[in-house]
């Protein structure tokens, strides 16, 4: 039988291509163009070559921001992924509590990012905030506006509170898709809870966890609004993540060339780490 | 509306033309030799031709960045290394 080839399907893809071109490819091309030029505004540019890349790559400030960004991202991944899986495992699979749990889990995700930052800012203020007041009342010297360690702890707690739900919901979706027959077979074999988790639940959750880790990695590496509203990058520069530093260079100092070069390096780091994550996780699955 | 806001230069235009040409070459290659030529290479990765192009381009970008950050501003050496890297990836990865 002859196979019919219908090329009209390409027309369905066209709107997406146009959308991606306008919101991703054209801005990216513009950033590449800015990264090799100098401008003082008024749409006038002069050729600068690779000096912005050299400046960014040898800058202590950029190295420090990148270090803080990597520390933040890997810390929240190390907390949110296991915690999300544990909560998903503890959630009921049947009955009225399923809906209650799902709604509760979805709630933090529905709050706008700047509101999350504002909520945690007020919540953690040392004198009037509930958390700050409580900790200081217990004799713990806590002040996230002055002490870098406290600022970091608050920042990580805020992100864990806001985004663990995403991992929970994805892991839960993976768990409920496991057929009952697997559990029955494990029960017949006398498998322990750990064995069920290790050899049934975890492998079945692998795909959704890959998506969860990639989403959380990319989101946390791009995070801006929440830390900006919470700490503004301070105290000093202690919580100035890469995105906050980038905005300072681009909009605060109006150094578009260095900001564009920094954006491209930032983009390439995200691309490389996402690819490494994806490749490693998919390779394990194929094996 | 013109494109002056995009601040085009010839070198950056040539860079994007090169990327577009590489992707187009892949499409033509796929048309004449379909299937993507999948294989498992020296890094124990399952790759197709498209994957190998991606690894080549990403690796080349980091070769240039590493050279600029660690060695200096001459771009001839990293370009030679990037071509060697590309040859290695398409042959062995």
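The values are calculated or read from the model by the stated rules, or taken from the named source; none is laboratory data. All values reported here derive from a predicted model rather than from experimental measurement. Here Cβ is always computed from backbone atoms with ideal geometry, including for glycine, and neighbour counts include all displayed protein chains.
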Could you please find all residues in region A:62-92 being closer than 30 Å to residue B:64 by Cβ and either within 14 Å of another protein chain (Cβ to nearest Cβ) or surrounded by 17 or more Cβ atoms within 10 Å (Cβ to Cβ) (or both)? A:62, A:63, A:65, A:66, A:68, A:69, A:72, A:73, A:77
The one condition in (1) surrounded by 15 or more Cβ atoms within 10 Å (Cβ to Cβ); (2) within 14 Å of chain B (Cβ to nearest Cβ) that residue A:238 fails to fulfil: (2)
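Restricting attention to region A:143-152, which residues are part of a helix (DSSP H, G or I) and either touching a strand residue (DSSP E or B) at 6+ places or on another chain (Cβ under 9 Å) or in contact (Cβ under 8 Å) with a residue 24 or more places away in the chain (or both)?
Answer for region A:143-152, where residues must be part of a helix (DSSP H, G or I) and either touching a strand residue (DSSP E or B) at 6+ places or on another chain (Cβ under 9 Å) or in contact (Cβ under 8 Å) with a residue 24 or more places away in the chain (or both): A:148, A:151, A:152.
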Let me spell it out: the conditions are (1) closer than 26 Å to residue A:240 by Cα; (2) within 14 Å of another protein chain (Cβ to nearest Cβ); (3) surrounded by fewer than 18 Cβ atoms within 10 Å (Cβ to Cβ), and residue A:57 meets all of them except one. Which number is the exception? (3)
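Being more than 18 Å from residue A:171 (Cα to Cα) and without any contact (Cβ under 8 Å) to a residue 12 or more places away in the chain is the filter here, so list the residues in region A:101-124 that pass it.
As a first pass, look at region A:101-124 and keep what is more than 18 Å from residue A:171 (Cα to Cα): A:110-124.
Result: A:110, A:112, A:115, A:119, A:122, A:123.
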Select, from A:131, A:170, A:155, the only residue that is without any contact (Cβ under 8 Å) to a residue 24 or more places away in the chain, touching a helix residue (DSSP H, G or I) at 6+ places or on another chain (Cβ under 6 Å), surrounded by 14 or more Cβ atoms within 10 Å (Cβ to Cβ) and part of a helix (DSSP H, G or I). A:131
For region A:35-46, which positions are over 32 Å from the mean Cα position of the chain (by Cα), within 9 Å of chain B (Cβ to nearest Cβ) and either loosely packed, with under 11 Cβ neighbours inside 10 Å or part of a loop (DSSP other than H, G, I, E, B) (or both)? A:43
Restrict the check to region A:10-20 and report whether at least one residue is more than 10 Å from every other protein chain (Cβ to nearest Cβ), part of a helix (DSSP H, G or I), at pLDDT below 95 and within 22 Å of the chain's Cα centre (by Cα). yes
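Restricting to helices (runs of 4 or more DSSP H) lying wholly in region A:178-224: which have 2 or more residues that are within 18 Å of the chain's Cα centre (by Cα) and at pLDDT 90 or above? Steps first, answer last, please.
On the way: elements: A:180-188, A:193-196, A:202-221.
Passing ranges, in order: A:202-221.
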One residue is enough: does region A:262-284 have a residue meeting the conditions within 14 Å of another protein chain (Cβ to nearest Cβ) and in contact with a strand residue (DSSP E or B) (Cβ under 7 Å, 6 or more places away or on another chain)? no
Failed criterion for residue A:259 (all others in (1) within 14 Å of another protein chain (Cβ to nearest Cβ); (2) crowded, with 17+ Cβ neighbours inside 10 Å; (3) within 24 Å of residue B:53 (Cβ to Cβ) hold): (3)
Condition first: more than 14 Å from chain A (Cβ to nearest Cβ) and either touching a strand residue (DSSP E or B) at 6+ places or on another chain (Cβ under 9 Å) or surrounded by fewer than 18 Cβ atoms within 10 Å (Cβ to Cβ) (or both). Now tell me which residues in region B:43-85 satisfy that. B:80, B:81, B:83, B:84
